[in-house]
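The values are calculated or read from the model by the stated rules, or taken from the named source; none is laboratory data. If you're wondering where the values come from, they're calculated on a predicted model, not measured in any experiment. With ideal geometry, Cβ positions are generated from the backbone for all residues, glycine too; neighbour counts draw on all protein chains shown.
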Amino acid sequence: MFGEAVRKLLNFLLGSQERQKIALGIYGPVNSGKTTLANRMTRDFTGKDLGSVSKVPHETRTIQIAKGVRARLQGNGGKAIVMDIIDTPGIATHISYRTFLRFGFTKDEAIRRAEEAARGVVEAIKSLDNVDVALIVLDSAKDPLSQVNLLLLSHVEAKGIPHILVANKIDLPYARPWKVAESYPEKISVPVSALRGTHIDMLYRKIYELVSRGEGS
């Protein structure tokens, strides 16, 4: 069953003519809510989740893709967006096997996970070569000007990829999504709770506007 946010979205685009498929990549630091957002999007449009979510860091250690997700939304000239939604491993500047020990893994398991997580970071950065639009998911309860965020944005900007900052986790009592907007005033920023679906319709509209702007340029 679609929620109210998605029903609003269904009044935004829908029609007989479909857009060319785009690759939409979801990026961000570890545990910022990337997979929760990917699951929200794929669930809204396909009824299925894309990946598993965990409090353990680096739960997503390889790229996951939902191919050909068709967002058939009403209005705006009767066109639709077809997307490959790409959920990527969390970006980190330092990965230690000791992090996983704190979650009850054996040393061998922790070392294996750390190695997989390191490969996942490299894979995520490389995948930027193949995306048309990027969603940069930031935990709005944390410092938006962290080293990891600045590193990720420098890669995205260097490649000229259109992107949206997703100030996630606004459902937390200590979230400060306005800090994201203040820190990056020149960028498109959307405050959301991927977990609860708050403002997800606003994010969908911004994605459509960004894609439409690119097609018209």
Single condition ARG43 does not satisfy, out of (1) assigned to a helix (DSSP H, G or I); (2) modelled with pLDDT of 90 or more; (3) buried (at least 22 other Cβ atoms within 10 Å of the Cβ): (3)
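Would you call VAL82 within 17 Å of GLY28 (Cβ to Cβ), among the β-branched types (Val, Ile, Thr) and out of contact with any Cys (no Cβ under 6 Å at 6 or more places or on another chain)?
Details: within 17 Å of GLY28 (Cβ to Cβ): no; among the β-branched types (Val, Ile, Thr): yes; out of contact with any Cys (no Cβ under 6 Å at 6 or more places or on another chain): yes.
Taking the combined requirement at face value, the residue does not satisfy it.
Here's the yes/no breakdown for (1) crowded, with 18+ Cβ neighbours inside 10 Å; (2) farther than 17 Å from GLY25 by Cα; (3) over 13 Å from the mean Cα position of the chain (by Cα):
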{"position": "ARG119", "(1), (2), (3)": "no, yes, yes"}
{"position": "ALA124", "(1), (2), (3)": "yes, no, no"}
{"position": "ALA134", "(1), (2), (3)": "yes, no, no"}
{"position": "HIS155", "(1), (2), (3)": "no, no, yes"}
{"position": "ALA158", "(1), (2), (3)": "no, no, yes"}
{"position": "SER189", "(1), (2), (3)": "yes, no, no"}
{"position": "ALA194", "(1), (2), (3)": "yes, no, no"}
{"position": "HIS199", "(1), (2), (3)": "yes, yes, yes"}
